[in-house]
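**Q** Starting off with a structure, shown below.
The values are calculated or read from the model by the stated rules, or taken from the named source; none is laboratory data. All values reported here derive from a predicted model rather than from experimental measurement. So basically every Cβ, Gly included, is an ideal-geometry build from the backbone, and we count neighbours across all protein chains shown. Protein only, heavy atoms only, side chains kept; ligands, DNA and RNA dropped before computing areas. Shrake-Rupley method; radii C 1.70, N 1.55, O 1.52, S 1.80 Å.
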Amino acid sequence: MPAATLRQWERRYGCPKPERSESGYRLYADADLRVIETMKRYVDDGVPASRAADLVRASLAAGADREGRAGTALSADLVEALIDLDEPRADRVLGEAHALHPLETVLGEVIAPTLVEIGDRWHDGRITTANEHFASSYLQGRLLSLLSLAGGAHPDAPSALVACAPHDRHEIGALMLAVVLRRHGYRVSYLGADTPVADLVALAFERKPDAVLISATGVESLAALNARREDLLQAAPVVAFGGRAFDADPAAAERLGGHYLADNVVDAVERFGALIRSHAAARP
Ligand code: B12
């Protein structure tokens, strides 16, 4: 970290706040180093430094002694907060998660398991649809903020349209993918839930993205994709699929003439990078 940045953070946000020696030198304790690491991680994730300082202070106030909590413990806490409709507590847990872990871990080990647990409880009748809707809406909102914070790709970076298949309202996996793709420098347009294939293909013809990525959960969505298979294949040089329907049957992606990426966004982005590179290399 450049010393000038540390001094600027201290002056503007009071974060970190090292002690001074008698001769005025800054003495950074372990706790200050953790604050700096956390601030840096936020800033690298695209969070403005002023907001990063707010989040770090909130997480310190929530009890820095809990530091080191793994994703499972954070997810359990988040589940309880969301079932309680306790948004400030959920914010604190997510703040702590971001402070402790890289974005990919927060998505894969905190947010995704939280949704699965909420889904299981809803499925068993332990919580209502209303509870489940609150939790999904809250997390979707947080992911949309992360998506807008992760912007700013190079104009020549490979581009992708990310959409949910027809009839599919399960958006969170696709949103996570969009966030991580942007973080890796791709230009991403996120189209959202239940996207008609004809409209997606028309948009792809107009915008000429390098890739079209589609998420599907249920068999009805899979059938709708199959019905427009020929059009889909024309949409972009790379057409790839993911989501629960494909996790259960990865070969379905090949039957559609596209690629299955992975059942988690980290591996999916890696595989996507390899596909994009091999297409770029094959271009005349
Ligand atoms: C939240 C939720 C909803 C919310 C969605 C809100 C939203 N804005 O997204 C709402 C309330 C809309 C909903 C509705 C329904 N749901 Co629902 N829902 C869930 C729940 C609880 C969580 C889903 C989720 O977000 N998971 C977290 C994400 C991150 O995981 P994921 O989707 O599996 O994605 C991962 C990978 O697949 C990958 N990925 C995802 N997309 C993509 C795309 C690409 C290109 C790539 C590479 C990777 C990738 O990334 C993720 C990595 O972790 C699940 C329970 C569960 N166990 O998952 C049920 C669940 C998915 N729903 C289910 C059902 C049955 C329904 C309904 C039919 C219920 C009903 N009777 O109305 C409707 C269908 C609505 C529709 N037309 O789509 C079933 C699906 C069963 C099936 N296989 O078909 C589940 C499993 C619940 C259950 N146990 O029965 N649901």
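**Q** Using the crude model of +1 on Lys and Arg Cβ and -1 on Asp and Glu Cβ, and no other charge, please compute the dipole size for the chain relative to its Cα centre, in debye to 20.
**A** Values: 31 positive and 40 negative charges, 215 e Å.
With only Lys, Arg, Asp and Glu charged at Cβ, the dipole is about 1040 debye.
**Q** Quote the charge dipole size of segment 154-282 about the Cα centre in Debye, to the nearest 20; the model charges only the Cβ of Lys and Arg (+1) and of Asp and Glu (-1). Kindly include the intermediate steps, with their values, before the conclusion.
**A** Working: 12 positive and 16 negative charges, 63 e Å.
The dipole of segment 154-282 has a size of about 300 debye.
**Q** To continue, here is another question. Kindly express, to the nearest 10 degrees and within the range 0 to 90, the angle between helix 30-44's C-alpha long axis and the longest C-alpha principal axis of the chain.
**A** Here the helix axis deviates by roughly 30 degrees.
**Q** What do you get when you divide the Cα radius of gyration of segment 61-206 by 2.2 N^0.38 Å, with N the number of residues?
**A** 1.14
**Q** Ignoring any ligand, DNA or RNA, what whole percent of the accessible area of the chain comes from carbon and sulfur when the probe is 1.4 angstrom? Working shown, then result.
**A** Details: 7430 of 14390 Å².
Result for the chain: 52 percent of the exposed heavy-atom area is carbon or sulfur.
**Q** Determine the relative contact order of segment 1-94: mean sequence separation of Cα pairs under 8 Å and six or more apart, normalised by residue count, in whole percent.
**A** Details: 54 pairs, mean separation 15.7, N = 94.
Over segment 1-94, the number comes to 17 percent.
**Q** Hey, what did segment 21-174 get for relative contact order, percent, Cα under 8 Å, at least 6 apart? It would help to have the intermediate numbers written out before the result.
**A** Numbers: 105 pairs, mean separation 33.1, N = 154.
Normalised by residue count, the contact order of segment 21-174 is 22 percent.
**Q** Another question, if that's okay. Can you work out the accessible area per residue across the chain, with the rest of the protein chains kept in place, probe 1.4 Å, in square angstrom? Walk me through the intermediate numbers first.
**A** Values: 14390 Å² over 284 residues.
Ligands and nucleic acids excluded, the result is 51 Å² per residue.
**Q** Also, quick follow-up: What is the diffusion coefficient of segment 66-148 in µm²/s, taking the Kirkwood radius over Cα pairs and the Stokes-Einstein relation at 4 °C with a viscosity of 1.567 mPa s?
**A** Values: Rh = 12.6 Å.
For the chosen part, D equals 103 µm²/s.
**Q** Okay, next question. Lys and Arg at +1, Asp and Glu at -1: add these up for the other residues within a Cβ distance under 9 Å of ALA198 and post the number. The partial results should precede the final answer.
**A** Values: positive: ARG228; negative: ASP199, ASP231.
Charge balance near ALA198 sits at -1.
**Q** Quick one: length gained pulling ASP267 to ARG244 fully straight, 0.36 nm per residue minus the C-alpha distance?
**A** Details: separation 23, 0.36 × 23 = 8.28 nm, distance 1.52 nm.
Length difference between fully extended and current span is 6.8 nm.
**Q** Work out the charge dipole of the chain with +1 on the Cβ of Lys and Arg and -1 on the Cβ of Asp and Glu about the Cα centre, then indicate which of THR217, VAL43, THR128 is farthest towards its positive end.
**A** It is VAL43.
**Q** Another question, if that's okay. Could you calculate the FRET efficiency of GLU10 with GLU87 from 1/(1 + (r/R0)^6), where r is the beta carbon distance between them and R0 is 45 Å, rounded to 0.05? Walk me through the intermediate numbers first.
**A** Details: r = 31 Å, r/R0 = 0.68.
It comes to 0.90.
**Q** Then there's this: If you wrap segment 154-282's Cα atoms in a convex hull and average its projection over all directions, what's the area in nm²? Intermediate results must be reported in sequence, preceding the final value.
**A** Working: hull surface 27.1 nm².
Mean orientational projected area (segment 154-282, Cα hull): 6.8 nm².
**Q** I'm a student and want to see the number: the projected area of the Cα convex hull of the chain, averaged over all directions, in nm². Intermediate results must be reported in sequence, preceding the final value.
**A** Numbers: hull surface 68.8 nm².
Convex hull of Cα atoms, orientation-averaged projection: 17.2 nm².
**Q** If N is the number of residues in segment 3-61, what value comes out of its Cα radius of gyration divided by 2.2 N^0.38 Å? All intermediate terms of the calculation are to be shown ahead of the outcome.
**A** Numbers: Rg = 11.3 Å, N = 59, 2.2 N^0.38 = 10.4 Å.
Output field value: 1.09.
**Q** Just the C-alpha atoms of segment 1-140: what Rg/Rh do they give, with Rh taken as the Kirkwood radius? Intermediate values should be presented prior to the final figure.
**A** Working: Rg = 17.6 Å, Rh = 16.3 Å.
Dividing the radius of gyration by the Kirkwood radius yields 1.08.
**Q** Let me know the charge dipole size of segment 9-101 about its Cα centre in debye, to the nearest 20, where only the beta-carbon of Lys, Arg (+1) and Asp, Glu (-1) is charged. Don't skip to the end; give the middle numbers.
**A** Working: 14 positive and 18 negative charges, 88 e Å.
Computed about the Cα centre, the dipole is about 420 debye.
**Q** Given a Förster distance of 22 Å, report the FRET efficiency between HIS133 and VAL219 from their Cβ-Cβ distance, rounded to the nearest 0.05.
**A** Numbers: r = 23 Å, r/R0 = 1.05.
Calculated transfer efficiency: 0.45.
**Q** Could I have the simple spin-label model distance between ALA280 and ARG169, label points 7 Å from Cα toward Cβ, reported in nm to one decimal?
**A** Label-label distance for ALA280 and ARG169, simple model: 3.9 nm.
**Q** Let me ask something additional. Can you order the peptides 94-101, 267-274, 232-239, 20-27 by their average number of other Cβ atoms within 10 Å per residue, highest first?
**A** On the way: 94-101: 23.0, 267-274: 16.2, 232-239: 18.9, 20-27: 8.4.
So the peptides 94-101, 267-274, 232-239, 20-27, ranked by packing, come out 94-101, 232-239, 267-274, 20-27.
**Q** Suppose we keep just the DSSP beta bridges with both residues in the chain; what percent of those would be antiparallel, to 5? Please list the in-between numbers first.
**A** Values: 2 of 19 bridges.
Of all bridge pairs located within the chain, approximately 10 percent are antiparallel.
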